[in-house]
Amino acid sequence: MKTIALAFRYLWSRPLQALLNLLLLTLGLASITFVLLASEQIDRAFQRDLAGIDLVVGAKGSPMQLILAGVFHIDVPPGNISLADVEELRRQPQVAKLIPLSLGDAFRGFRIVGTNADYLSHYRMAFAQGQPWAQSMEAVLGAQAAQATAMKTGDSFIGSHGLGGGGHGHGEHPYKITGVLAPCGCVVDRLILTPTESVWQVHEKAMAVDDEDRKALEAEREITIALITYNSPLAAVTFPRYVNSRTDMQAAAPAVEVSRLLRMLGVGSEVLRGVGAVLLLTAALSVFVALWNAVRERRADLAMLRMLGATPAKVAALLVCEALWLAVLASVLGLAAGHGLTALVGWLLEGQRSLPMSGRLWVPAEAWIPAAAVGVAALAALIPTVSAYRVDVAHLLNTR
Amino acid sequence: MVETRGLRYQYPGGPALSFDDLDVPQGATLLLQGVSGAGKSTWLALAAGLLTPSAGEAVIAGQRLSALSRAARDAWRGRHLGFLPQKLHLSEALTVERNMALAFYAAGVPEIRGTVQTALNLLGVGELAGRRPSQLSGGQAQRVALARTILMEPRIILADEPTASLDDEAALTGLKLLENCAFQCSATLVIATHDRRVQEALPAAMVYRIGHRAAQGSVAAA
């Protein structure tokens, strides 16, 4: 019989207590695992989606809203901006690249984004099938959009007004799918891309009462957001100020807004991490009480072991192993539960066409989970172990 | 055999107990008698190498205990000493078979296949190997505890008040079993008791009486 096997039998000789301790430890570790996984994936998503975008320009309003709507596509944009003003920006010497985005319609909850080929090349998108659009009213689907809608190259669909879906359909302007993009793990996976002209065509024809009216609309064309890459990092000092003071548009620096957002999210993750720590502390106390009671209840049994020849270290090792069993089991269950919870949240977010989150991802920081479990268990076992080490065999002789 | 010379134990901040010299041949039976608090437990602890005497020495089953380190005394006890406590201390977390195997585990000796079952069979409780202690009657539990005591074929068996909670018939049966087991192992049997029935059941046993004066610091041998 090995110490590890004997400790396991002793542990489960009090099944309810063992289960309660295991549950507390598992919940604490699962919370921390979830925070690690979620924060890592949010960071990665932000870095991936923001790569190469120095400035986001849109209608005046909340800069944070502009970033969330224009880069991550998880909020509604504050309004539209004049195409003429945007073209003026494009001509500025600080601007290396300007990608227009036109929002307003959706298909089954997936946003239809009017843009140009630069958007595809910016995110280095590859095609899983088909090819880019060649003309207006053609579209390509992001991988997640294609999978969720079960649409493929050659199919047609009708967009509906509004970003959340449920608006009136533009039945007279069906889109034809020319390609499906390969998964990139970025925001494009959740989008349906089409030339900007498609968006203009759909809305101008819907709004214009006659040719003259349409011509007037063409002269006042708008887009929703412009994604800008600078020629030089120095532009970050002057260009946003230029946009905000000299035009009717608003400039939002993603780096500033995202760090503000992460600080806000950070409070939430710190709270969750704190809850995990409190659960771990509670578990440590519970394990301590359980082991302390185990030593008290089994004092004579432990003394009997000493009488049978066990060294004090061997008796103490039994207590340590009981605690370690809890730590090992809780680590496995806590990691599994943390990944399961992340997968569940990812599934819910996917339903809302929001940030991608996977329970299958492993992050290096998770290596601390078993270490934390062992640390908590070892701390909880310390005093009971010393007590077991010092068990008085004379107690056995005096037990009547 | 048991040999003690000038054995004395000083409890920290408590009384000092002195024990008269003693010679018990190997295989003999010794009754250690005395009222509660007289020093029987202290003598058993000294004989088991659990306490280190303040003075004097004990040679138990041919082993001078003072020559052994604490760890070596633990190993010696596991291998050569059997102990039958009054309260049997069979763990409810384990089956009868695993309770028996604790003796191998504690002594750090690899379990010899079939030994546990043989010992249980010897005591007539072989069919109880898979049960939990709570599923045993008092007599069955005592037989299991006795089987564990002799599992390592000890050279000396210490029994602490083995008849205290037994009726006359069970006490007699238990004592005979204990004597037989000691005989089969050629072990010296030391029984700490204040039960008169023990002396009646084992008339050939040597008697070592620890008197009232022990608490004041001396012990008288009968």
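At-a-glance table
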item	result
Lone unmet requirement of (1) buried (at least 23 other Cβ atoms within 10 Å of the Cβ); (2) more than 9 Å from chain A (Cβ to nearest Cβ); (3) out of contact with any Gly (no Cβ under 7 Å at 6 or more places or on another chain); (4) under 29 Å from residue B:38 (Cα atoms) for residue B:148	(2)
Out of A:361, A:329, sole residue that is in a helix (DSSP H, G or I) and either under 28 Å from the mean Cα position of the chain (by Cα) or within 30 Å of residue A:107 (Cβ to Cβ) (or both)	A:329
Residue in segment A:32-39 that is at pLDDT below 90, closer than 30 Å to residue A:317 by Cβ and part of a helix (DSSP H, G or I) present	yes
Selection status of residue A:69, more than 30 Å from residue A:100 (Cβ to Cβ), modelled with pLDDT of 90 or more and among the small types (Gly, Ala, Ser)	no
Sole residue being out of contact with any His (no Cβ under 9 Å at 6 or more places or on another chain), farther than 30 Å from residue B:15 by Cβ and of a type outside the set (A, V, I, L, M, F, W, C), chosen from B:131, B:70, B:64	B:131
Test for residue B:51: is it under 26 Å from residue B:194 (Cβ atoms), away from chain A (no Cβ under 14 Å) and touching a helix residue (DSSP H, G or I) at 6+ places or on another chain (Cβ under 8 Å)	no
Options B:35, B:116; residue that is within 14 Å of another protein chain (Cβ to nearest Cβ), out of contact with any strand residue (DSSP E or B) (no Cβ under 9 Å at 6 or more places or on another chain), more than 24 Å from residue A:296 (Cα to Cα) and outside any loop (DSSP other than H, G, I, E, B)	B:116
Matching residues, segment B:54-70, being in a strand (DSSP E or B) and either touching a residue at least 24 places away in the same chain (Cβ under 8 Å) or within 14 Å of another protein chain (Cβ to nearest Cβ) (or both)	B:55, B:56, B:57, B:58, B:59, B:60, B:63
Count - residues of segment A:255-313 that are in contact with a helix residue (DSSP H, G or I) (Cβ under 7 Å, 6 or more places away or on another chain) and of a type in the set (Asp, Glu)	1
Sole exception among (1) buried (at least 18 other Cβ atoms within 10 Å of the Cβ); (2) farther than 27 Å from residue B:37 by Cβ for residue B:178, by number	(2)
Residue check for residue A:355: in a loop (DSSP other than H, G, I, E, B), crowded, with 17+ Cβ neighbours inside 10 Å and not hydroxyl-bearing (Ser, Thr, Tyr)	yes
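Residue-wise test of (1) without any contact (Cβ under 8 Å) to a residue 24 or more places away in the chain; (2) surrounded by 22 or more Cβ atoms within 10 Å (Cβ to Cβ); (3) within 13 Å of another protein chain (Cβ to nearest Cβ).
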position	(1), (2), (3)
B:72	yes, no, yes
B:80	no, no, yes
B:132	no, no, yes
B:142	no, yes, no
B:153	no, no, no
B:157	no, yes, yes
B:164	no, no, yes
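The values are calculated or read from the model by the stated rules, or taken from the named source; none is laboratory data. Everything numeric here is computed off the predicted structure, so don't read it as measured data. Here the Cβ is made from the backbone with ideal geometry for all residues, glycine too, and neighbour counts use every protein chain on show.
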